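Encoded as structure tokens, the structure appears first; notes follow it.
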Amino acid sequence: MKSLLISIVKTVLLFAVCSNLFAGDDSGREHDAVLEYSENILEIRNDFSATYKVKERICIFNSHGNAYGVIKISDDPEFKLKKFSGRIIDAEGKEIEKKSYSDCDIVCGFSGYVFYSDNCERTYYLLDDNFPYTIEYEYEYQIKSLSSWPAWYPQKYIPVEKSSYTIIAPTGFSFKEQITGDLEKPIVTENKKHTMYVYTALDMPPLKSESFVYSRYEQRARIRFIPSEYSFFGLHFSTDSWVSLSRDGYHLVKDRYLLNDSQKTIIGSLTVPDQNTPEEIINGLHDILRQNIRYVAIEVGIGGWQPTVSCSTLERGYGDCKDLATLYISMLRYANIKSYPALIMAKGKSLTDSGYPSMFFNHMVFFSIIDGDTVWADPTCSHCAMGDLPETDEDIYVLVLDSAGGGLVKTPASTPGDNVYYRTVNISAGRKKELYVKYDVYASGNAMYDIRGYLNYRGKAAIENFLKEGDCGVNGKLKYTDVKVIETEDTRVPDTIIATGIIKRAVKYIKGKQYLSLNCLNVLRPREQIRLADRTMPLDLSYPFSYCDSVVVAIPSGWKPDKLPEPVLYEDDFGGISINFSLHNETIIICCTRKCNNYYIETEQMPAFREHLANIKKSLKSHLSFSKN
Amino acid sequence: MLSKLTIIITIFCVLFSVSGILGQEYGVITDEEWALEPPVDYPGANAVIIFDIGVYKLTKNTFSVTRHCRVKVFNKDAARNVTEVDIPYSKGDKFKSLKAHTYTKDGQKIEVKEYVKKKIDDTDFNSFAFPSVDNGAIIEYSYTLNIKRYWNNEWRFQKTDYTLRSNFTLDASDRFKFQVTYRGIPFSLQLPGLKQVIKESKDLPTFHLEMTNIAPASDEPFMGAKNDFIAAVSFDVIEYEGQRGKYSYLTPWDELGNNVYEYFISDFVKSKKKISTLSDSVCMGIFEPRAKCEALYNYVHQEIATDIDERNISSIFDVVKRKKGTQFQQSELLAGLLFAQGISANLVFIGTRSQTGQLDHTKRDLNQFNRLICYVQYDSTEFGLDAADQYAEFPYLPVDDLVDQGLFLDSINSKLLSFVHPERKNGTDVGSIIHIDEDGGAVCSTTVYFKGYAKSFLFKRMEDSVSTEKLIKDYLDNDIEIEYDYKMISSSIVREDELDRIRLDVVMKITDFAEDIDGTVFFSPFIIPIEKNVFIKQQRLFPIDFGYVYSNRHRIQVTLPTNMVITNKLSTIFKTFKVGSFKRQVSAADNMLMIKADYSISRAKFSPGTYRQIQEFFEILSEASQDQAAASPIAVEGDGQ
């Protein structure tokens, strides 16, 4: 699916260089570097041939700014780098070094999560040790398809004095633009042969680096472009509407559903007449395929867009997202279960705008229709049950590919009741002011997949770290004596983490009384505990969630509980918390439920959300006290 | 991409060390292998390498590497470093009989059919992904690579995954003699007398070593050069006996040093006249040797920038003219300038702590060195200088250069040399005055002195940071990980170079500093902890390398509202271990609490055998940082009674 994302990736190359760590405030030399100008010129000959030129000049003030002197440029057959030249200029304006096209490090075939792609990455180093210094560089791409039309991101993590984007197109060439942020319409000039569109941005303030940003590419000034019609590997795409794109995209998948005999045999074994329900067939197929087919992406040429033929994926034993979706769809269709592929832009970087039909997607999922209802699935998530999408795929627009024009639909959303951390804690006080604690944590929905995903991708060896830093909310002061995971083979049944340990000095003795703090469980996730006071971008909460806690406190021998604290009940639009205390034989049982209703918090909601969090924290400031018998 | 590259590099190292296939038949999986579970001593294993066998065959004209590896996968999602393989090779190398298969639990044998070529600069990779790998599957591959150019390298027994058996064979013509170097391998496994390997029979391999049950190496705090401790064996050809006689490849250190000097350095040092002119101009009006050293050091340190690309410079005049040179060239220039003043200044090759680690003087390999320093001797004073390190200060080497030995370079008298480094007071002094108000909030004024090497980490930040406030906030939030919600009222940072320290001042207001439980106020006076315990792993296989010896001090004064009295001051602690000592003294008077806490470590580097003591020591420091004092309202006469 790499190629589907190309238009974004290619055009934010510099942005990617700059987006690591650096932020600053707004006053001149206080910054690590300044982008003095950025000229971007796209010269379109037709929808399958264009030249894209970039020319930039950056003044670098300190060693942090050196990150802007490392120019990483992607290079592949569809988006071919033809020229590069750069130079370093010292503080006196004297040129001290030049770099040409071949003066770079090249890495080919390696591409992040993709096992192999036909993409190379060239790295040019325009660096000096004496500050300030200035770099100038320009490069040129030959573009084979405007499906990967470079977008314009004039805003960086450093101040930008001037940035421009010029499009020179044959007169009559039709395209659409989508403007985000405070950017102006272009100045248009026209002659008989060409029309020129010039977009300009002056004195752009730097972006601020913040964590847990919801759809971070949407939070900055940006213009995306797409032709009204274009060709790609001989296929025609019209961006008039989502329906037309759906029909055009269908040609990518229509002949990919070919089955071999072993696939038919598998389906035959799952479809005993009058016995197996469609749900059982889907689940049975998932159990077989997830054990035999691995998610491995190899993307070469149109292989970045078009799925492998279904039977080849099964024979090969692995495939990328679209290969796996196609494999499932073909076999389910053979079992007479209607199933359709859907292209999505998974959450994290960008969002699909329902008003801007385009092929800005980076992933494929599918859904089946059973009794008029949809069952969604993302087969790259091998630990997810059928019918459960991972949170990155939830509640977003996706394009259904169908010959009749499937159009744009939204994936299902989840509620706090779907994503619950169930935590049971047994506490008993020791003789040296320590607390002996036994945690028992499992979860449902996205919370369950978070735990399972962490354990799958990082391994069980990292479990203590997960308990400390993840969303399970275990007290960071716990010294573990034992941690284990009870795993299940069934994707629908949650794993359980059991941890035992000691929290030292958690018991206080004052004037003949013993006090226990109730803070052995956090009810705020780590992303809710970051500084929100001066935040400028929406906070990504991943998904609505709940904590459902039972804390069982053993009454210390020789002590009796004083009056139990009053129950707590607090609720607002963001969610709420309730805490109840009860006495049962030799234990005090505390039932605590906290829920959060939101996927994300908008910037303007932040003051109210902070107040919400403060009220939640205030609810927990109580102690259990005991007197001697 | 970084992690990917790390894996590639690891595989690269493994490949060019390789091994031998001794009786392990391809494709025959035993019942025991199918029944394998994660090792008891490594229950979180995502995969185990059942065996990794290599044969390294060397004749006069050919060199081949044969490798056979079998792996059981327990968690396919986290085991991509074994289920996706990148084998490096060079131009002219040829693969022979490369094959790879997945064996599934239900008895299928699935062949890898798709191989792709990747590239990083001049190194090519033959890459493949195993198909249909589920948890419990076994994967296996083998190949022979005929390598065009032989070079000495190592076989790593320790991998990124738990290895049940790693087996290495060197099979060479009996005309070769080798020197074997062991690293991280138990002494009991090292074959006696095998510092020099001589083939005894044509039917026997030259060398064979097997290790079993090897846990993967993992990153740990204060570990120095990780590569220095990964279990491996390496071979250097020391002699080849041809028909026309013996060729010795074992070059003595002095000869190696002399050669380095002749080929790389002599041209620089020979330019005496122009160097003398420059040196004299820098030292004009200076007569005392130490002051001359400092002036010349500062000249190179401040005027000559470090260039990573050595192709740019051809002579010492280029360095001076362009005001830029490689690290080697900067040291050479400094030596030349000092020499021109009649000060004995020699060039010494060293291997830094973080890159090459401990020098093995039995292994005549210049790859053990990566930095050139200038070693100065006058009167009875001697010290090393590294003018290329941006933040090093005269007359001290940067922490990474603080090694015990190096190769002294000379035209005729090169030799291995042991160093003496000048003593330096390192550590931090923390002084805090804390006023707690009636609401449990506090105003805290803290001064931290970073002394000696302890201040090094601040230099770069001071230069780079957009503001003092941001720098101090980063320090409090990320280094100290301060646990309170605080607001900074004022902050400053001052370099006090003449005292070899940096002073950091911060005043902050902390909400919820003290906790009120039924009228008793609890608070922890150590806003800046005495120490955090980062040594959380149960055991450690690598030395603990702090870089330098240091001592830290805390002086804290806490004042509560006048109607409160301290009811529980902290206990006094005196602890002395082999690894360090800790002393905490506390006194209280009415509403005031005063604390003195000092700790120091006894050495810069500790062996893994002392890990338990280090752990215990740091745990005590960590706990002492969290101890809570308590105060109560002064009972008013007749109050409530």
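Read-outs throughout are calculated quantities, based only on the coordinates presented, and are distinct from any laboratory measurement. Everything numeric in this text was worked out from a predicted model, so none of it was measured. So basically every Cβ, Gly included, is an ideal-geometry build from the backbone, and we count neighbours across all protein chains shown.
Could you grab the relative contact order for chain A? Cα pairs under 8 Å, six or more apart, rounded to a whole percent.
Values: 1435 pairs, mean separation 66.8, N = 629.
Computed over chain A, the figure is 11 percent.
Taking the DSSP beta bridges with both ends in the range A:2-227, the antiparallel portion is around 90 percent. Which FRET efficiency value, to the nearest 0.05, do you get for B:E619 and A:R610 by plugging their Cβ-Cβ distance into 1/(1 + (r/R0)^6) with R0 = 25 Å? Between B:E619 and A:R610 the formula returns 0.10.
How many percent of DSSP beta bridges within chain B run antiparallel, rounded to 5?
Values: 153 of 171 bridges.
Of those bridges, close to 90 percent are antiparallel.
Remark: mean inter-chain Cβ contacts per residue of A:458-465 equal 5, using a 10 Å Cβ-Cβ cutoff to other protein chain atoms.
The distance between label points at B:V494 and B:N563 comes to 3.9 nm (points 7 Å beyond Cα on the Cα→Cβ vector). Computed from label points 7 Å out along Cα-Cβ, the spacing between B:E469 and A:A533 is 1.0 nm.
Quick one: order A:F367, B:F328 by neighbouring beta-carbon count within 10 Å, fewest to most. Please list the in-between numbers first.
Working: A:F367 24, B:F328 19.
Final ranking by Cβ density, sparse to dense: B:F328, A:F367.
When the listed pairs A:K560/A:K617; A:K504/A:K560; B:K91/B:K117; A:K560/B:K569; A:K504/B:K532; A:K55/B:K323 are checked against a 20 Å cut-off, the alpha-carbon distance exceeds it for A:K560/A:K617; A:K504/A:K560; A:K560/B:K569; A:K55/B:K323. For the peptides B:30-40, A:462-472, residues were scored by their other Cβ atoms within 10 Å and the scores averaged per peptide; the highest-first order is A:462-472, B:30-40.
Residue separation times 0.36 nm, minus the C-alpha to C-alpha distance between B:T62 and B:H361: what's the value? Don't jump to the answer; show the numbers that get you there.
Numbers: separation 299, 0.36 × 299 = 107.64 nm, distance 2.97 nm.
104.7 nm is the gain from fully extending B:T62 to B:H361.
Order these by the 10 Å Cβ neighbour count, fewest first: B:M564, B:M462, A:M606, A:M331. Can you show the working numbers first?
Values: B:M564 21, B:M462 14, A:M606 18, A:M331 26.
Taking fewest neighbouring Cβ atoms as first place, the list is B:M462, A:M606, B:M564, A:M331.
With a/c under 1.5 counting as rounded, go ahead and sort chain A into rounded, prolate or oblate using the C-alpha gyration tensor (a ≥ b ≥ c being the square roots of the eigenvalues; past the cut-off, prolate if a/b is larger than b/c, else oblate). Here chain A falls in the oblate category.
Using the beta-carbon distance between A:S627 and B:T511 and R0 = 30 Å, what value does 1/(1 + (r/R0)^6) give for FRET efficiency, to the nearest 0.05?
On the way: r = 31 Å, r/R0 = 1.03.
The value I calculate is 0.45.
Using a ≥ b ≥ c from the Cα gyration tensor of the protein assembly as shown (square roots of the eigenvalues), is it rounded, prolate or oblate, where a/c under 1.5 gives rounded and otherwise the larger of a/b and b/c decides, a/b for prolate? Rounded. List the relative contact order of chain B as a percent without decimals, with contacts defined as Cα pairs under 8 Å and 6+ residues apart. So the answer I get is 9 percent.
State to the nearest 20 debye the size of the charge dipole of the range B:253-418 about its Cα centre, where the only charges are +1 on K and R beta carbons and -1 on D and E beta carbons. Present the calculation step by step, with values, prior to reporting the outcome.
Working: 16 positive and 24 negative charges, 101 e Å.
So the magnitude is around 480 debye.
The modelled label-to-label distance between B:S248 and B:M284, using points 7 Å beyond Cα along the C-beta direction, is 5.2 nm.
Backbone N atoms of the range A:117-132 closer than 19 Å to the 7 Å Cα→Cβ label point of A:S100 belong to residues A:122-127.
If R0 is 41 Å, what FRET efficiency do you get for B:T447 and B:E303 from their C-beta distance, rounded to 0.05? Mind showing how you got there, number by number?
Numbers: r = 35 Å, r/R0 = 0.84.
The value I calculate is 0.75.
Peptide A:283-292 shows a mean partner chain C-beta count of 2 within 10 Å per residue C-beta. Between the Cα long axis of helix A:261-270 and the first principal axis of chain A there is an angle of about 30°, rounded to the nearest 10.
Bridge orientation summary for the protein assembly as shown: considering DSSP beta bridges with both residues in this region, about 90 percent are antiparallel. Rounding to the nearest 10 and keeping the result within 0 to 90°, find how far the Cα-based axis of helix A:445-458 lies from the longest principal axis of chain A. For helix A:445-458, the angle is close to 70 degrees.
Can you give the relative contact order of the range B:253-418 as a percent, counting alpha carbon pairs under 8 Å and 6+ residues apart? Working shown, then result.
Numbers: 284 pairs, mean separation 47.5, N = 166.
Relative contact order here is 29 percent.
Please go through the range A:544-629 and write out the trypsin sites (Lys or Arg not before Pro) that DSSP classes as loop and that have at most 10 other C-beta atoms within 10 Å. Loop-located and lightly packed - A:K563.
Give me A:W242, A:W376 sorted ascending by neighbouring Cβ count inside 10 Å, so fewest comes first. Intermediate values should be presented prior to the final figure.
Details: A:W242 23, A:W376 18.
The order, fewest Cβ neighbours first, is A:W376, A:W242.
Let me know the shape class of the range B:427-633, please: from the alpha-carbon gyration tensor, a ≥ b ≥ c as square roots of the eigenvalues, rounded when a/c is under 1.5, otherwise prolate if a/b is greater than b/c, or oblate. Oblate.
Distances between placed amide hydrogens fall under 5 Å for B:D93 paired with B:K148, all partners being 5 or more residues away or on another chain. Qualifying GluC sites (Glu not before Pro) in the range B:365-458, where qualification requires a DSSP coil assignment and no more than 15 other C-beta atoms within 10 Å, comprise B:E423, B:E438.
Work out how much length B:R503 to B:F574 would gain on full extension: take 0.36 nm times their residue separation and subtract the Cα-Cα distance, in nm to one decimal.
22.7 nm
For chain B, the longest principal axis of the alpha carbon atoms and the long axis of helix B:611-626 meet at an angle near 30°.
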